[in-house]
Amino acid sequence: MSRQVVVLPDLHGRPDLLRAALERFPDAHYVGLGDAIDRGPRSLATVDKLLELHQAGRATLLMGNHERMMQEGIKWYRLYEGTHNLGDYRKAMEGYQWWMRAGGETVRAELGGLTLEKFPPLLEAYLKVLRKVIYVTADGQIHDEVPPHPSVLIAHAAPPVKHPQHESPLSAALWLRPYEGPFPLPPGVTYSLHGHTPVPTPCRLGRHLYLDLGAYETGRLAVAEVNVHGLPQVTVLCGRGEPHRGRRYAQFGEPIPVTPVDLPGAPRR
């Protein structure tokens with residue numbers, strides 16, 4: 001019997017939208033596309049719920065570029081604790097400031113203060129379980145390598161490809177934008193699913209599908225039910241937010257069909 005797999009793009013501190021997805025798909029296995037933190041008001045609650053799902057075997061969590069930035073400072077700080085090398089400490093502080101400038105300031109404000117010396121154990125535990133690229137087969141199983149059967153590739157930003165600005169294909173998968181493609185897909189992969197690049201409506205560009213609707217500000221979360229043999233079914237959960245802000249996002253490719261669902265408190269469409 002196949003397992004329902006539901007993909008959750010960039011939540012950015014919106015546990016309310018995460019809860020709405022769980023209520024709509026109560027029996028699914030969830031794939032978090034990364035960028036669960038920063039920008040929105042409640043990163044810690046979002047991470048806490050995702051980790052709970054992961055520990056129960058109900059979610060596979062991927063790294064986004066915001067988690068990668070969060071990781072940099074604490075990675076070097078943990079190394080510094082062992083080496084006492086000031087060069088390692090300098091890299092830790094540079095990594096911390098990189099994250100703060102890119103969205104981490106909202107997490108610091110949420111906590112009422114945040115330092116590497118007192119880094120939240122919840123966030124460090126979250127970083128340890130994150131993967132970068134997975135493949136989902138028709139039976140709903142998750143694979144780290146390209147399986148022998150047809151599959152869907154899922155990664156935060158793009159498929160893993162060689163790129164001159166990134167140290168490895170797995171790093172590229174966290175950062176590349178659609179205009180930096182086209183991105184070849186491995187044999188047997190029918191299409192790929194991504195967040196990272198905000199779009200006014202879920203769309204496809206070639207065999208790559210983009211789902212990030214800027215949920216933290218628009219209140220709109222596109223959740224996709226993986227279908228290896230055709231396009232996914234996409235439900236747009238419309239909650240509290242300012243949906244008009246999505247009009248400034250880049251338009252490209254072709255829109256894919258969606259089913260909108262209004263949540264309590266959602267503004268009129």
Checklist outcome for this item: Within segment 14-42, the residues that are over 13 Å from the mean Cα position of the chain (by Cα) and assigned to a helix (DSSP H, G or I) are Pro15, Asp16, Leu17, Arg19, Ala20, Ala21, Leu22, Glu23, Arg24
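For segment 104-126, give me each residue that is within 25 Å of Asp88 (Cα to Cα), in a helix (DSSP H, G or I) and open to solvent by 20 Å² or more (accessible area, probe 1.4 Å). Even if it seems obvious, please write down each step before you answer.
Just the residues of segment 104-126 that are within 25 Å of Asp88 (Cα to Cα), to begin with: 104-105, 107-108, 113-126.
Retained after the next criterion (residues that are in a helix (DSSP H, G or I)): 104-105, 107-108, 121-126.
Matches in segment 104-126: Glu105, Arg108, Pro121, Leu122, Glu124, Ala125.
Out of the residues in segment 127-142 that are in contact with a Leu (Cβ under 8 Å, 6 or more places away or on another chain) and assigned to a loop (DSSP other than H, G, I, E, B), state the one that is farthest from Gln71 (Cα to Cα).
Within segment 127-142, the subset in contact with a Leu (Cβ under 8 Å, 6 or more places away or on another chain) is 129-135.
From what's left, assigned to a loop (DSSP other than H, G, I, E, B): 130, 132.
Details: Leu130: 11, Lys132: 13 Å.
Step by step, filter segment 127-142, then rank; the result is Lys132.
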Item to check | Hits in segment 37-54 - residues which are open to solvent by 60 Å² or more (accessible area, probe 1.4 Å) and either closer than 17 Å to Met70 by Cα or among the polar types (S, T, N, Q) (or both) | outcome: Arg39, Pro41, Arg42, Asp48
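Yes/no per residue for (1) over 25 Å from Ile37 (Cβ atoms); (2) at pLDDT below 95; (3) among the hydrophobic types (A, V, I, L, M, F, W, C):
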residue	(1), (2), (3)
Val189	yes, no, yes
Leu193	no, no, yes
Leu211	no, no, yes
Gly214	no, no, no
Ala224	no, no, yes
Gly239	no, no, no
Pro243	no, no, no
Pro260	yes, no, no
Next on the checklist: Can you say whether Ala92 is over 16 Å from Thr46 (Cβ atoms), aliphatic (A, V, I, L, M) and either touching a strand residue (DSSP E or B) at 6+ places or on another chain (Cβ under 7 Å) or in contact (Cβ under 8 Å) with a residue 40 or more places away in the chain (or both), as far as the supplied structure shows?
Outcome noted: no
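Could you go through segment 72-85 and let me know if any residue there is crowded, with 21+ Cβ neighbours inside 10 Å, in contact (Cβ under 8 Å) with a residue 24 or more places away in the chain and under 19 Å from Ser171 (Cβ atoms).
Looking only at segment 72-85, we keep the residues that are crowded, with 21+ Cβ neighbours inside 10 Å, and these are 73, 76.
If we keep only those that are in contact (Cβ under 8 Å) with a residue 24 or more places away in the chain as well, we get 73.
So of that shortlist, the ones also under 19 Å from Ser171 (Cβ atoms) come out as 73.
Checked against the condition, which is being crowded, with 21+ Cβ neighbours inside 10 Å, in contact (Cβ under 8 Å) with a residue 24 or more places away in the chain and under 19 Å from Ser171 (Cβ atoms), segment 72-85 yields at least one hit.
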Next on the checklist: Let me confirm something: among Gln251, Gln165, which residue is among the polar types (S, T, N, Q) and in contact (Cβ under 8 Å) with a residue 12 or more places away in the chain?
Outcome noted: Gln251
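The values are calculated or read from the model by the stated rules, or taken from the named source; none is laboratory data. These figures come from a predicted structure and were not determined experimentally. Positions of Cβ are generated from backbone atoms using ideal geometry, with glycine treated the same way; all protein chains shown enter the neighbour counts. Calculation scope for accessible area: heavy atoms of the full protein, side chains included, ligands and nucleic acids excluded. Shrake-Rupley method; radii C 1.70, N 1.55, O 1.52, S 1.80 Å.
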